[in-house]
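Engineer: This structure is in structure tokens; I'll ask about it shortly.
Taken together, the values in this text are just the output of simple stated rules run on the coordinates, not laboratory data. What you are looking at is a predicted structure, and each value in this text was computed from that prediction instead of being measured. Quick reminder, even Gly has a Cβ in these numbers, built from the backbone with ideal geometry, and neighbours come from all protein chains shown.
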Amino acid sequence: MGSLIKNNTVLESDEVTFLTLQEYLDSDNRPQAVWLDAGEEIEAIADFLDDITAIALNFPAFSDGRAYSTAAVLRRHHNYTGEIRAIGDVRLDQLEQMARCGFNAYQLADGQNADQALKRIEGFSVSYQQTIDRDPLFRHRA
Amino acid sequence: MYVYDEYDQKMVDERVEQYRDQTDRFLAGTLSAEEFQHLRLRNGLYIQRLAPMLRIAVPYGMLSSTQLRKLAHITRHYDRGYAHFTTRQNVQLNWPKLEEVPDLLAELATVEMHAIQTSGNCIRNVTSDQYAGVARDEIEDSRPWAELIRQWSTFHPEYNWLPRKFKIAVTGAEGDRAAVQVHDIGVRVLRENGETRFEVLAGGGLGRTPIIGPVIKQSLEPKHLLTYLEAILRVYNRYGRRDNKYKARIKILVKAMTPEVFAQKVEEEWVHLKDGPETLTQAEIDRVRKHFTAPAYEKLEDHVPAVDDLLADNSGFGNWVKQNVKAHRQPGYVIVNLAMKQTGIAPGDVTDEQLEIIADLADEFSFGEVRVTHEQNVTLADVPKKSLHDLWTKLVEAELASPNLGLLTDIICCPGGDYCSLANAKSIPVAEAIQRQFEDLDYLHDLGELDINISGCMNACGHHHVGNIGILGVDKKGEEFYQVSIGGSGYEDASLAKILGPSFAQDDVPGVVQKLVDVHLEHRQGEERFIDTYRRLGIDPYKEAVYATWEV
């Protein structure tokens with residue numbers, strides 16, 4: 001596994017243990033971290049989001065874009081404010097798109113150079129659309 | 001037309017540098033070929049049979065003379081002196097060098113052009129009506145809406161990795177010149193009680209499973225355009241199939257769910273987005289509309305004896321006017337079409353010199369702008385009628401005055417097996433053979449409107465499903481054959497063509513077309529169009545004529 005980027009810092013790993021969706025739903029207490037595969041619906045845990053501190057969303061391949069929508073739904077519809085971590089086939093050239101959809105932690109795929117990651121997360125200086133931290137461009141365009 | 005402000009320019013400039021970095025990393029071996037493939041496709045660069053192919057975006061077909069001259073320069077310096085107009089109003093280069101593409105893009109950026117999202121599984125270049133703003137049957141100019149969609153879809157972070165490519169078309173006229181019924185999303189701009197409203201279609205398309213798109217939303221208010229599109233895209237991104245690329249387009253999802261259930265799902269998603277930050281402001285709508293106001297027309301007489309008196313005869317000029325020139329909403333002005341369908345030249349191909357001549361003619365006769373059409377032709381939208389003869393004379397000199405717009409020889413054709421690595425069969429030589437079979441202009445004019453569409457494979461870039469006569473290249477045990485279909489239309493009376501029967505060898509195709517045309521001429525009533533005769537007769541007489549004497 002490659003490095004973990006969290007809070008704009010490069011780490012080797014952290015202590016968080018993510019349960020699968022099934023394990024999470026089966027558990028009696030309220031665990032704080034769960035991971036979802038692409039295609040698993042975030043709606044399944046919508047009622048428990050207040051108690052969850054970290055959700056990992058898996059990219060089975062870098063070309064599978066479902067997790068972008070899952071992250072956007074978590075942030076926009078459910079106002080989820082905890083960690084959303086990208087796991088799986090996470091590559092440098094997609095970090096900006098992930099960040100703009102609401103991811104804030106990235107478990108890089110093997111061989112991805114962590115030194116370049118922070119620059120990639122930042123990406124373009126302007127964007128047309130609403131993103132996680134800004135309104136659409138037209139709302140502040142002259 | 002739309003002019004960039006500092007934000008638009010910044011994004012295009014930053015994309016050039018980002019792409020340059022991606023190319024450098026690929027050439028240095030630090031970016032894998034697999035990953036670079038996806039990244040370069042999102043910037044229009046394919047690796048084809050003979051060389052890379054670069055698809056340059058022409059948003060809803062609008063080009064300025066400055067941009068045309070830059071394209072001419074680019075074809076000369078980075079390519080082999082010609083370019084190709086595509087069926088999606090874009091421009092393609094056939095021979096750029098992979099390592100020179102970043103420099104080429106930097107040059108394009110200086111004239112507000114780019115190759116962003118012209119390929120890959122993302123939202124592609126938005127297309128529209130080539131007569132927008134000037135057509136007599138227009139309800140409202142579609143271009144401001146197309147531009148707003150272009151901006152919203154450019155680098156949208158959520159929809160860059162969709163199950164499959166995604167195409168949006170917009171029309172604002174009675175006649176549908178944008179083929180909105182065969183797009184992933186079609187938007188019709190309408191008027192209801194004097195107010196602008198949209199009708200939204202979803203799940204149309206060609207390719208392996210051609211489907212006429214159903215209407216999923218009526219009476220959408222303008223301010224909700226982007227949030228509603230966002231809802232469709234999110235439903236598609238989440239639930240579209242990813243296990244089989246031939247079943248991954250939105251049309252398969254809409255069909256599987258049924259249009260009613262799909263529309264319901266979109267409504268449920270839209271509830272969260274409606275009236276949110278992406279809701280368009282009147283200030284933004286006004287800002288974009290200001291870029292599409294009418295040019296400074298002169299007050300001119302609509303009747304021009306020097307032109308009108310020539311229409312009756314069959315002179316070269318008269319034929320060209322009758323076929324290629326269309327009515328304009330402004331008195332004394334006309335719409336002029338250059339049919340890029342000279343026999344012996346691949347449909348849609350244009351040389352560097354012709355690009356410069358078109359630029360000069362646009363400056364002299366049409367306020368410095370042209371439009372690329374999805375029929376692979378070029379439109380000068382605002383020509384004073386009194387200048388028609390002068391313009392025609394110059395077009396004849398430049399070999400740009402083919403008087404065959406909309407006729408049988410105005411063939412829509414993909415690059416096919418000569419260039420494209422996806423193709424099963426060649427398409428350009430087939431187009432040429434048909435054009436040679438039908439060289440008699442009087443015969444063609446008598447025959448009237450007839451669309452022939454040729455695709456070299458199932459991906460249907462030549463839109464063969466919506467050709468009055470559609471021709472599809474197929475592979476039979478390593479040999480190239482052609483399946484012929486009949487009865488398609490890509491316009492407001494959209495219909496999908498039906499397959500005639502077993503396929504033919506390349507040499508037989510012109511003869512088959514001739515037989516189909518013979519049936520038409522024998523049975524047509526008055527000035528009836530080919531498609532209307534077919535709709536009246538059904539497929540059988542055509543089938544019989546073609547196969548009765550055919551040894552299959």
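Engineer: For the pair B:Glu439 and B:Glu527, what calculated FRET efficiency results from E = 1/(1 + (r/R0)^6), where r is the Cβ-Cβ distance and R0 = 22 Å, to the nearest 0.05?
Structural biologist: 0.45
Engineer: Would you mind checking which residues have amide H under 5 Å from B:Cys413's amide H? H placed 1.01 Å from N; only 5 or more apart, or other chain.
Structural biologist: Counting only residues 5 or more places away or on other chains, the set is B:Ile454.
Engineer: Moving to a separate point now. Would you mind estimating how fast chain A diffuses translationally, via Stokes-Einstein at 37 °C and 0.692 mPa s with the Kirkwood radius over Cα pairs, in µm²/s? The partial results should precede the final answer.
Structural biologist: Values: Rh = 15.6 Å.
The calculation lands on 210 µm²/s.
Engineer: What order do you get for A:77-83, A:62-68, B:467-473 when each peptide is scored by the mean count of other beta carbon atoms within 10 Å, highest first?
Structural biologist: Ranking, from highest mean packing down: B:467-473, A:62-68, A:77-83.
Engineer: Which of A:Lys6/A:Lys119; B:Lys326/B:Lys515; B:Lys217/B:Lys247; B:Lys165/B:Lys223 have a Cα-Cα distance over 19 Å?
Structural biologist: From A:Lys6/A:Lys119; B:Lys326/B:Lys515; B:Lys217/B:Lys247; B:Lys165/B:Lys223, over 19 Å: B:Lys326/B:Lys515; B:Lys217/B:Lys247; B:Lys165/B:Lys223.
Engineer: Something else: What spacing in nm lies between the two simple spin-label points modelled at A:Arg30 and A:Ser125, each 7 Å away from Cα in the Cβ direction?
Structural biologist: 4.5
Engineer: With a 4.7 Å Cβ cut-off, tell me which Cys residues in chain B come up empty for a partner.
Structural biologist: Lone cysteines by the Cβ rule: B:Cys122, B:Cys413, B:Cys420, B:Cys457.
Engineer: Sticking with this one: Whose amide H sits under 5 Å from the amide H of B:Met113, counting only residues 5 or more places off or on another chain, with H placed in the peptide plane?
Structural biologist: Those lying under 5 Å, H to H, from B:Met113: there are none.
Engineer: Test of understanding: ordering A:Arg100, A:Arg75 by Cβ neighbours within 10 Å, fewest first, what list do you get?
Structural biologist: Neighbour counts put them in this order, fewest first: A:Arg75, A:Arg100.
Engineer: Within a 10 angstrom radius of each residue's Cβ in A:122-135, how many Cβ atoms of other chains show up on average? Whole number is fine.
Structural biologist: Across the residues of A:122-135, the mean count of other-chain Cβ atoms within 10 Å is 5.
Engineer: Mind putting a number on the dipole of the protein assembly as shown about its Cα centre? Charges go on the C-beta only, +1 for Lys and Arg and -1 for Asp and Glu, and I need it in Debye to the nearest 20.
Structural biologist: Magnitude of the dipole: close to 620 debye.
Engineer: In addition: What distance in nm separates the two pseudo spin-label positions at B:Val215 and B:Val3, each 7 Å out from Cα along the beta-carbon direction?
Structural biologist: Spacing of the two 7 Å Cα→Cβ label points: 3.9 nm.
Engineer: Something else now. Kindly provide the GluC sites (Glu not before Pro) of region B:140-179 that DSSP labels as loop, not H, G, I, E or B, and whose Cβ sees at most 13 other Cβ atoms within 10 Å. List each step's numbers first, then the result.
Structural biologist: On the way: sites: B:Glu140, B:Glu147, B:Glu158, B:Glu174; in loops: B:Glu140, B:Glu174.
Here the GluC sites (Glu not before Pro) that fit, given the DSSP loop and packing criteria, are B:Glu174.
Engineer: What's the average, rounded to a whole number, of partner chain beta-carbon atoms within 10 Å of each residue's beta-carbon in A:80-92?
Structural biologist: That average works out to 1.
Engineer: With angles folded into 0 to 90 degrees, how steeply does helix A:66-76 sit against the dominant principal axis of chain A? Use alpha carbons for both and round to 10.
Structural biologist: Computed tilt is about 90 degrees.
Engineer: Something else: Once phi is turned into θ = phi - 60°, what whole-Hz ³J(HN,Hα) does the Karplus curve with 6.51, -1.76 and 1.60 give for every residue of region B:128-137, x standing for Gly and Pro?
Structural biologist: These are the phi-based 3J(HN,Hα) values: 7, 7, 5, 9, 4, x, 10, 6, 6, 8 Hz.
Engineer: Among the listed pairs B:Lys97/B:Lys290; B:Lys251/B:Lys274; B:Lys97/B:Lys426, which have their C-alpha atoms separated by more than 27 angstrom in this model?
Structural biologist: B:Lys97/B:Lys290
Engineer: Can you give the relative contact order of region B:238-334 as a percent, counting alpha carbon pairs under 8 Å and 6+ residues apart?
Structural biologist: So the answer I get is 16 percent.
Engineer: Could you calculate the FRET efficiency of A:Ser13 with A:Glu43 from 1/(1 + (r/R0)^6), where r is the beta carbon distance between them and R0 is 41 Å, rounded to 0.05?
Structural biologist: Computed FRET efficiency for A:Ser13 and A:Glu43 comes out at 0.85.
Engineer: Here's something else I'd like to know. Give me the number: length gained by fully extending B:Ile47 to B:Glu174, i.e. 0.36 nm times residue separation minus the C-alpha to C-alpha distance, one decimal in nm.
Structural biologist: Extending this stretch completely gives an extra 41.7 nm.
Engineer: If you average the alpha carbon positions of region A:108-142 and of region B:487-552, how far apart do those two centres end up, in angstrom?
Structural biologist: So the separation of the two Cα centres works out to 54 Å.
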